[in-house]
Amino acid sequence: MSNKDIKLVQLPSPNFVPERDKDKPLMLEVSHLGIDFGGLTAVNEFNIGISPTEIAGLIGPNGAGKTTVFNLLTKVYEPTRGTILLDGKDTHGMNTIQVNQAGIARTFQNIRLFDKLTVEDNVKIGLHNSIKYHMPTGVFRLPKYWKEEKKAHDKAMELLSIFDMQDMAGYIAGSLPYGAQRRLEIVRALATGPKLLLLDEPAAGMNPSETSELMENIEKIRDEFKIAILLIEHDMNLVMGVCESIAVLNFGEIIAKGTPNDIQNNPKVIEAYLGSGSINGGEKEGTLPDSSDASKPDAEQMSTGHLASPDAMIGGRKEES
Amino acid sequence: MLSYLINGISLGSVYAIIALGYTMVYGIAKMLNFAHGDVIMIGGYMAFCSTSYLGWPVIPSVLFAMTVCTMLGILIERLAYKPLRDASSLAVLITAIGVSYFLQNMALLIWSSNPKAFPNMVNLPNVVIGDIQISSVAIVTIIACIVIMIILTLFTTRTKLGKAMRAVSEDKGAAQLMGINVNATISMTFAIGSGLAAIAGVLLCTAYPTLMPTTGAMPGIKAFTAAVFGGIGSIPGAMLGGILLGIIEIFGKAYISTQLSDAIVFAVLIIVLIVKPTGLLGKKMAEKV
């Protein structure tokens, strides 16, 4: 089943964001970002600004270059063109580790936990750079070792408590259920102390109730940690429900930016998702699912919801495989 | 019978310590460091020089050998392997063999091919239980091995650096994105492995007190066998594989044939690999569907 049927979380006001962060400098400012792989331009003229406590969404059809953007931001790939300013600082010349220390943390589309380590140790890997002792201290277990490890343990537990996962601390990460693994990835990313959290399809493979819980948690994380969040997601309920601004990527270029409302009614976006033919197919069919209409669930809208976001269905099917 | 067993465990302990170096480096850098055996030889020569030429006591000369080997390990990794981080594993393997020959020939130039008589580093009386005499060297070797295993296990499971090592061995990319310095972690692994090789070198040369530039080659290959035997990449596997290999070798020598003992060792390896291709404690790679 697709996640389209359940809409539990209220929409935040789309106009609220710019007001709250109006006088603050942007957390992330990307301009003219692009990368070529050989002759292929994977991402081009990518411009985006994210304010310090904004939840932004990056959507687009499969293969549009969304994950490539994440890889550029985290310097897994070195950009061919453009600049990335993080908190006003140019990340040019930084490597992945330095970017992480500067404040970008991410999760992965296909979960990449350290499967053989325990849940707690996975979080502690995220805390690695905040635990301060050297090798001899660790080998001989000097007092500083105990102090720092205790601190790390407490911090790890505190972070795990965001998702009520303290009880699972001793489990091997690879043995966790799928949804818990996704949540653990978010905790691990948060452990590195980011200013900007990148979530790559956080709801992929989650059931509707897990997704709605995730939506609440994304907002909770933003409120508690006062960080910006940029997420890639195919689940339109989540994107429309939690994101304050959305950028739509198609063939490596941004084709639309705006509030969830703007995006839902943007003809270019509808065309990118459905193909050009459907533009003439009547207004109702050509509208992306609108979670602000959640209160009046009628059968017709649900069916168009399926139609309008084929990727959401693919996302829904993943959990069954 | 019992004394054979103790000799076997003692020899196996040395193999185990060497095998740790192979298995840790393989686990983290996914490469076979065939120069590891020659680091043992360098460790032996360092201990030999500091005791015989400089007249240092045992402990400082062991520490000296460890320091030199640790630095040598880091240096080898930096100069020979790091530039090949993204190269094919075959290129890295050939480089490792090259480094191995380089070290052997350097030793040949410096110390010549004449065997050196290694001084006895363990001046303790042998232990006599009933009618069995156990050499103090064997006891010291076994104790050293146990201590190393305990420290190493605690290090890899309980410290942040050990955890970083395990994280890097599982997923370099993800570890890097979590802010872990992968290069430093790999260097550290080489350092630990080479430091252990120095200890193994001293223990080996104390048990078999002739030192030549090729001294490290055969134990190196046997320890590699032990690592594969136990499941390469697994630390407990290296310990188990090393000790079993030592016992098999000594028993083969005692009861079957002195000349065939090496052949027996490798025959056992082949059988184990046929029955359980991942080694005794090796884990099957789970395939995600």
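The values are calculated or read from the model by the stated rules, or taken from the named source; none is laboratory data. Keep in mind that this is a model prediction, so the values were computed, not measured. Neighbour counts are summed over all protein chains in view; Cβ atoms, including those assigned to glycine, are modelled from backbone coordinates with ideal geometry. For the accessible areas, the whole protein counts, side chains as well, though only heavy atoms, and no ligand, DNA or RNA atoms are used. Shrake-Rupley method; radii C 1.70, N 1.55, O 1.52, S 1.80 Å.
A few comments on the model shown:
- Qualifying positions in the range B:167-176 - open to solvent by 10 Å² or more (accessible area, probe 1.4 Å) and without any contact (Cβ under 8 Å) to a residue 40 or more places away in the chain: B:E170, B:D171, B:K172, B:G173, B:Q176
- Residues in the range A:88-112 that are outside any loop (DSSP other than H, G, I, E, B) and more than 7 Å from chain B (Cβ to nearest Cβ): A:K89, A:D90, A:Q98, A:V99, A:A102, A:I104, A:A105.
- Qualifying residue in the range A:268-278 (condition: in a helix (DSSP H, G or I) and at pLDDT 90 or above): no
- Among residues of the range A:113-140, those that are more than 23 Å from the chain's Cα centre (by Cα) and within 8 Å of chain B (Cβ to nearest Cβ), counted: 7
- A:T211 crowded, with 19+ Cβ neighbours inside 10 Å, within 13 Å of chain B (Cβ to nearest Cβ) and among the hydroxyl-bearing types (S, T, Y): no
- Number of residues in the range A:73-83 that are exposed (fewer than 15 other Cβ atoms within 10 Å of the Cβ) and of a type in the set (D, E, K, R) equals 1.
- Index of the failed condition, B:L93 passing every other in (1) over 18 Å from B:M121 (Cα atoms); (2) assigned to a helix (DSSP H, G or I); (3) free of Cβ contacts under 8 Å to residues at least 12 places away in the same chain: (3)
- Selection count where residues are in a helix (DSSP H, G or I) and surrounded by fewer than 18 Cβ atoms within 10 Å (Cβ to Cβ), scope the range B:33-63: 6
- Residue match in the range A:145-158 (condition: assigned to a loop (DSSP other than H, G, I, E, B) and either open to solvent by less than 60 Å² (accessible area, probe 1.4 Å) or modelled with pLDDT under 95 (or both)): no
Residues are listed down the side, and each one gets a yes or a no for (1) within 12 Å of the chain's Cα centre (by Cα); (2) open to solvent by 10 Å² or more (accessible area, probe 1.4 Å); (3) farther than 26 Å from B:I250 by Cα:
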{"position": "B:I6", "(1), (2), (3)": "no, yes, no"}
{"position": "B:S13", "(1), (2), (3)": "yes, no, no"}
{"position": "B:M31", "(1), (2), (3)": "no, yes, yes"}
{"position": "B:A65", "(1), (2), (3)": "no, no, yes"}
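- Scan of the range A:84-131 for residues that are under 11 Å from B:A174 (Cα atoms) and open to solvent by 30 Å² or more (accessible area, probe 1.4 Å), ordered by number: A:R112
- Only one of the numbered conditions (1) assigned to a helix (DSSP H, G or I); (2) touching a helix residue (DSSP H, G or I) at 6+ places or on another chain (Cβ under 7 Å); (3) open to solvent by 10 Å² or more (accessible area, probe 1.4 Å) is violated by B:I270, and that is (2).
- Where helices (runs of 4 or more DSSP H) fall wholly inside the range B:137-235, the ranges with 3 or more residues that are within 14 Å of chain A (Cβ to nearest Cβ) are B:160-170, B:172-177, B:182-207.
- Failed item, numbered, when A:H134 is tested on (1) outside the structural domain of A:V43 (by TED's automatic domain parsing); (2) crowded, with 20+ Cβ neighbours inside 10 Å: (2)
- Residue match in the range A:181-204 (condition: at pLDDT below 90 and in a helix (DSSP H, G or I)): no
- Test: A:A204 is open to solvent by less than 10 Å² (accessible area, probe 1.4 Å), touching a residue at least 60 places away in the same chain (Cβ under 8 Å) and over 29 Å from A:Y273 (Cα atoms): no
- Filtered residues of the range A:169-197 (kept if away from every other protein chain (no Cβ under 13 Å) and surrounded by fewer than 20 Cβ atoms within 10 Å (Cβ to Cβ)): A:A169, A:Y171, A:P177, A:G179, A:A180, A:K195
- Residues in the range B:124-151 that are within 30 Å of A:I172 (Cβ to Cβ) and crowded, with 16+ Cβ neighbours inside 10 Å: B:C145, B:I148, B:M149.
- Of all residues in the range B:152-166, those that are open to solvent by 10 Å² or more (accessible area, probe 1.4 Å), farther than 16 Å from B:S234 by Cα and out of contact with any His (no Cβ under 7 Å at 6 or more places or on another chain) total 2.
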